[in-house]
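The values are calculated or read from the model by the stated rules, or taken from the named source; none is laboratory data. All values derive from a computational prediction rather than experimental measurement. Please note: Cβ atoms are built from the backbone with ideal geometry, for glycine as well, and neighbour counts cover all protein chains shown.
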Amino acid sequence: MDEQEIELWPEGPPTVIEGVPPESDFKGPSGPSIGTAMKRNISRPTLTVFRPDPARHNGRSVIISPGGGLLIVAWQHEGVDVARWFAARGFTAFVLKYRTRATPADAEGFAAALAGLRANRGAVIPTAQTPRSTAEIIRNDPNYQHVRDAVADDGRRAIELVRARAKEWDIDPAEVGMIGFSAGAFLTMDVATDPRAAPLAFAAAIYGGETRGKPVAADAPPLFAVVAQDDRNLIRILEGLHADWSMADRPSALHVFSRGGHGFGMIRQGAPSDRWIDLLGDWLDDLKR
């Protein structure tokens, strides 16, 4: 498979996230993604292209938005590994390295910041008290929305670029879908509810995503959504996303797994959530019937 990196904004993005140190790579420090490749302090967003074997090429494409809380990009298990899965099935896949918030440039300071975030998550939330929107999770953070809007601009620019260069990759500009994980899923749904261009061919929201009260358009893309029941911060938000799509009479599928936690991506844990990618494959096949 041929890999190619393309800058989204060669002359600089239309908005700036201030105070971001130089980009760096690191390994996941804990959880299911421990030891996997990740990136942080991103100011120069890019697309990395993964092209399928010509014998399997189907003319469809997908933009992949890894997660990371807008602080990091989970590059491997929610990006590259997903792209390779799609490419093996004939899709031309594009991994989006979108902009992030600033984290401490030195490794020790960054580790301390991550430890603080984990400590602030607190105890398990009773089901009745689980949040229904990110507004209930992100409070008193005036910079959060600016970053989220900037990242959504990166997503829209990625779609624009893929469609503009569709002939180069021999893909159908009307068959560009998008899948996101966690923060990348919120990015995906921000774009799906406000594309500012032709709608996506499909949208997949993996443990993240919401409409934020925006109406779901009559031509909104088919939605595939995944969450684990023990992902307490996201379970009701994903249920709400699916309900919004369903109430708008748009095609939608929600898979709620009894176990899996958050951030599993392509990592097999021996949990029910391991099946999500197989279900996605079946769903994508069904879209073309």
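Below, the figures for the structure above:
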| quantity | calculated |
| --- | --- |
| Matching residues, region 163-178, being surrounded by fewer than 24 Cβ atoms within 10 Å (Cβ to Cβ) and β-branched (Val, Ile, Thr) | 171 |
| Region 244-280, residues that are among the β-branched types (Val, Ile, Thr) and either part of a loop (DSSP other than H, G, I, E, B) or out of contact with any helix residue (DSSP H, G or I) (no Cβ under 9 Å at 6 or more places or on another chain) (or both) | 267 |
| Selected residue [modelled with pLDDT of 90 or more and more than 22 Å from residue 60 (Cα to Cα)] from 82, 162, 147 | 147 |
| Sole residue being in contact (Cβ under 8 Å) with a residue 12 or more places away in the chain and over 30 Å from residue 142 (Cα atoms), chosen from 95, 80, 20, 73 | 80 |
| Qualifying residue in region 175-188 (condition: modelled with pLDDT of 95 or more and polar (S, T, N, Q)) | yes |
| Of all residues in region 98-113 being of a type outside the set (Gly, Ala, Ser) and touching a residue at least 12 places away in the same chain (Cβ under 8 Å), the one that is surrounded by the most Cβ atoms within 10 Å (Cβ to Cβ) | 98 |
| Residue satisfying condition, being farther than 30 Å from residue 171 by Cα and either crowded, with 22+ Cβ neighbours inside 10 Å or modelled with pLDDT under 95 (or both), within set 260, 240, 208 | 260 |
| From the options 216, 226, 191, residue that is touching a His at 6+ places or on another chain (Cβ under 7 Å) and either among the β-branched types (Val, Ile, Thr) or at pLDDT 95 or above (or both) | 226 |
| Helices (runs of 4 or more DSSP H) contained entirely in region 132-243, each with at least 3 residues that are within 13 Å of the chain's Cα centre (by Cα) | 144-164, 183-193 |
| Region 27-76, subset among the aliphatic types (A, V, I, L, M) and part of a loop (DSSP other than H, G, I, E, B), residue surrounded by the fewest Cβ atoms within 10 Å (Cβ to Cβ) | 55 |
| Test: residue in region 5-27 that is touching an Asp or Glu at 6+ places or on another chain (Cβ under 6 Å) and among the polar types (S, T, N, Q) | no |
| Unique residue being surrounded by 14 or more Cβ atoms within 10 Å (Cβ to Cβ) and in contact with a Lys or Arg (Cβ under 6 Å, 6 or more places away or on another chain) when the list is 271, 225, 253, 248 | 271 |
| The one condition in (1) under 30 Å from residue 172 (Cβ atoms); (2) modelled with pLDDT of 95 or more; (3) touching a Lys or Arg at 6+ places or on another chain (Cβ under 6 Å) that residue 25 fails to fulfil | (1) |
